[in-house]
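Worksheet: the structure to be examined is printed underneath.
The values are calculated or read from the model by the stated rules, or taken from the named source; none is laboratory data. Treat the numbers as computed from the prediction; the structure is a model and nothing was measured. Quick reminder, even Gly has a Cβ in these numbers, built from the backbone with ideal geometry, and neighbours come from all protein chains shown. In case anyone asks, the SASA skips ligands and DNA or RNA and just uses the protein heavy atoms, side chains included. Shrake-Rupley method; radii C 1.70, N 1.55, O 1.52, S 1.80 Å.
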Amino acid sequence: MAGWLATAALWAAVTVRFRQRSTRQDWGLLVMFTGMAVGFTLARPEIAQFIDVPEMALPSLLKRCTAMLGAVGVALYMSAVAGRRGWTHITATVTVICLLIVTHFAGAYRWAETDVFFADPARFTLSNPGVWAGWAHFLLWYLYVAFVTLALATTCIAVLIQVTGVLRTQLGVFALGAIWCAVSPVYALAGIAGLIPYDLDVDRTFLLMPSILLLVIGMGWQAIHRGRASGRAWWLYTRLRGLWRMLVQAQPEVVLNVEGGPWRVRLHRRVVECLDAMRQLSAYLPEGTFATGRVDADTAALRLRESLIARKTGDKARDISAGAPAAAGEDIPKEATWLVSVWWAWKRLERSLGPV
């Protein structure tokens, strides 16, 4: 189940990344996730059986080569983040791919997976040329995976300490995923050397799959952040409907002749319309009402009620030149939250004093 989940997440990441190819970083992430997605797909037993050639273990070779393609993507991404060209990393990756192919056909195909090599006591019979090919093959594979993932983590950490906000969090998630992934080759190499027991399922389930998911989450972190902000804007926009309707019925001229747009834009427009209406209605209150700045929601609701009553009874509005009372927060969501609290205070007044 975990394998299919990680594979599906990788292909989803490829689909998303295919639409974002404007920078070298975008291309790096696309190549990285494509290589990893193809590699994980080839690692599925049912897929491996379908493309296997007897006694050649081609799925294992193809899986490692596509993973090395992913390493090319990592090199592209790291070089773009660090402001370098990155051709050295790419050349090294291509060289490792060629050496993996050579060592595979030289004898490493006899041990398709790490657990098979680990379970064969003959792996320490170094007089056999095929054993040398196996050792070279697995050492190349795991040492390079460790090198790439640790280099990715190092680059992300070096950049994240210089940035703030969403990008800092994204690079932190990337670094965590890369470090977690780097534990896998260390675990495998220790197993092959006979230092600890090795279990391929443990490696895939507890090291590779979680690290892949972290990398995918890191890739989409900014999109997740934007989605969360959009969802919050929609929620606040919806909760402001009651206050907004009441205010624009009293002051219809505040409505902006613009419709649609992202939820954050709609929320901004609704907040501006509410505040404009409240400002105009404040002209019916005694002069100096807002001299001390923004009041609490209960007081604001009471003053709003008084201004509506004064307007309804025919009191004359005074000239006002000052803007709306001091902002409740530093951004639109905080301002909207304050307006929602005013609306709830208004509803409480209606229950206790009756409608205006």
* Single unsatisfied condition, GLY260 versus (1) among the small types (Gly, Ala, Ser); (2) at pLDDT 85 or above; (3) in a loop (DSSP other than H, G, I, E, B) -> (2)
* **Index of the failed condition, THR154 passing every other in (1) more than 19 Å from LEU214 (Cβ to Cβ); (2) of a type outside the set (Lys, Arg); (3) open to solvent by 60 Å² or more (accessible area, probe 1.4 Å)** => (1)
* **Some residue of the stretch 210-221 being in a loop (DSSP other than H, G, I, E, B), within 30 Å of ALA37 (Cβ to Cβ), touching a residue at least 60 places away in the same chain (Cβ under 8 Å) and open to solvent by 20 Å² or more (accessible area, probe 1.4 Å)** => no
* For PRO54, state whether it is modelled with pLDDT under 85, open to solvent by less than 30 Å² (accessible area, probe 1.4 Å) and not small (Gly, Ala, Ser). => no
* Asked: Quick one: what pairs do we get from the stretch 233-262, first residue farther than 19 Å from ALA301 by Cα and of a type in the set (Asp, Glu), second open to solvent by 40 Å² or more (accessible area, probe 1.4 Å) and modelled with pLDDT under 90, C-beta under 9 Å, 6+ apart or different chains?
  -> GLU253/ASP276; GLU253/GLN280
* Which one of these is open to solvent by less than 40 Å² (accessible area, probe 1.4 Å), at pLDDT 85 or above and either outside any helix (DSSP H, G or I) or within 24 Å of SER60 (Cβ to Cβ) (or both): ALA175, ALA188? -> ALA188
* Asked: For the stretch 273-300, what are the residues that are in a loop (DSSP other than H, G, I, E, B) and modelled with pLDDT of 70 or more?
  -> LEU285, PRO286, VAL295, ASP296
* Enumerate the pairs (first residue in the stretch 330-356 and within 14 Å of TRP235 (Cα to Cα); second residue anywhere and surrounded by fewer than 17 Cβ atoms within 10 Å (Cβ to Cβ) and among the aromatic types (Phe, Trp, Tyr)) with beta-carbon separation below 6 Å, excluding pairs fewer than 6 apart on the same chain, so at least 6 apart or on different chains. => none
